[in-house]
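Structure record follows, encoded as C-alpha cells.
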Amino acid sequence: MAKILIIEDNAANMKLATLLLRNAGHSALCAVDAEIGLMLAHAEQPDLILMDIQLPGMDGLAATALLKQDPATAAIPVIALTAMAMKADKEKSQIAGCDAYIAKPLRCQELYAAIDSLLSRAKPQTGSEADNLNPSS
C-alpha cells in the first residue's frame, strides 16, 4: 500500500510502529534521528511520515518545518508522535506543519484512522488522475 517513513529514536516505539504499519500492508522506512529522516524523506519520497517530536539533536518539529518549507517534500503528510500529550505540543505541531497528532503509546485504530485519512486526502491532489476524475476543472 503506502511507503511510510518512521522517524523515532526509541527502539521499542520503532519496533511497534513498524509492526503496526506492516500489519496494515504498508512498507516502513526507519530513521533514528531527524537528520537521517530528512535525508530519507528526500531520497525515498515516502507517502507519509510518522515524526517523533522529541528526537536527539534536531527535534521533530524543526524537522517537520524544514520538510514543509522544501517544495520536494512539502506535500508529504506528517503525523506528529509524542509521549507527553499536551495542548501546547499539539498547537506547536500544527504550527510546524504537522497534518495530524497522536499521543503515545500508539493505539492501532487511532494510527490507522489517521494514516487512512491523510493518504486519502493526499491522493486526489497528486498526479493527473485528479484531472481525469473531475473534468470540470
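Okay, here's what the table says:
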quantity: Options 32, 78; residue that is farther than 22 Å from residue 117 by Cα, β-branched (Val, Ile, Thr) and crowded, with 17+ Cβ neighbours inside 10 Å; calculated: 32
quantity: Conditions (1) in contact with a Phe, Trp or Tyr (Cβ under 9 Å, 6 or more places away or on another chain); (2) surrounded by fewer than 19 Cβ atoms within 10 Å (Cβ to Cβ): number failed by residue 1; calculated: (1)
quantity: Filter pass, residue 59 being at negative phi, open to solvent by less than 40 Å² (accessible area, probe 1.4 Å), touching a residue at least 12 places away in the same chain (Cβ under 8 Å) and acidic (Asp, Glu); calculated: no
quantity: Complete set of residues in the range 90-107 that are open to solvent by less than 50 Å² (accessible area, probe 1.4 Å) and under 18 Å from residue 14 (Cβ atoms); calculated: 102, 103, 104, 106
quantity: Residue ID - farthest from residue 82 (Cα to Cα), chosen from residues in the range 4-23 that are hydrophobic (A, V, I, L, M, F, W, C) and either open to solvent by 30 Å² or more (accessible area, probe 1.4 Å) or modelled with pLDDT under 95 (or both); calculated: 19
quantity: Single residue of the range 37-81 satisfying the filter (touching a helix residue (DSSP H, G or I) at 6+ places or on another chain (Cβ under 9 Å) and polar (S, T, N, Q)) that is modelled with the lowest pLDDT; calculated: 54
quantity: Close pairs from the range 70-90: first within 20 Å of residue 56 (Cβ to Cβ), partner of a type in the set (S, T, N, Q) and not in a loop (DSSP other than H, G, I, E, B), Cβ under 6 Å, at least 6 apart; calculated: 78/64; 80/93; 89/82
quantity: Condition broken by residue 87, with the remaining ones in (1) at pLDDT 90 or above; (2) surrounded by fewer than 16 Cβ atoms within 10 Å (Cβ to Cβ); (3) out of contact with any Leu (no Cβ under 6 Å at 6 or more places or on another chain) satisfied; calculated: (1)
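The values are calculated or read from the model by the stated rules, or taken from the named source; none is laboratory data. All values reported here derive from a predicted model rather than from experimental measurement. Quick reminder, even Gly has a Cβ in these numbers, built from the backbone with ideal geometry, and neighbours come from all protein chains shown. Side chains are part of the model used for accessible areas, which takes the heavy atoms of the whole protein and leaves out ligands, DNA and RNA. Shrake-Rupley method; radii C 1.70, N 1.55, O 1.52, S 1.80 Å.
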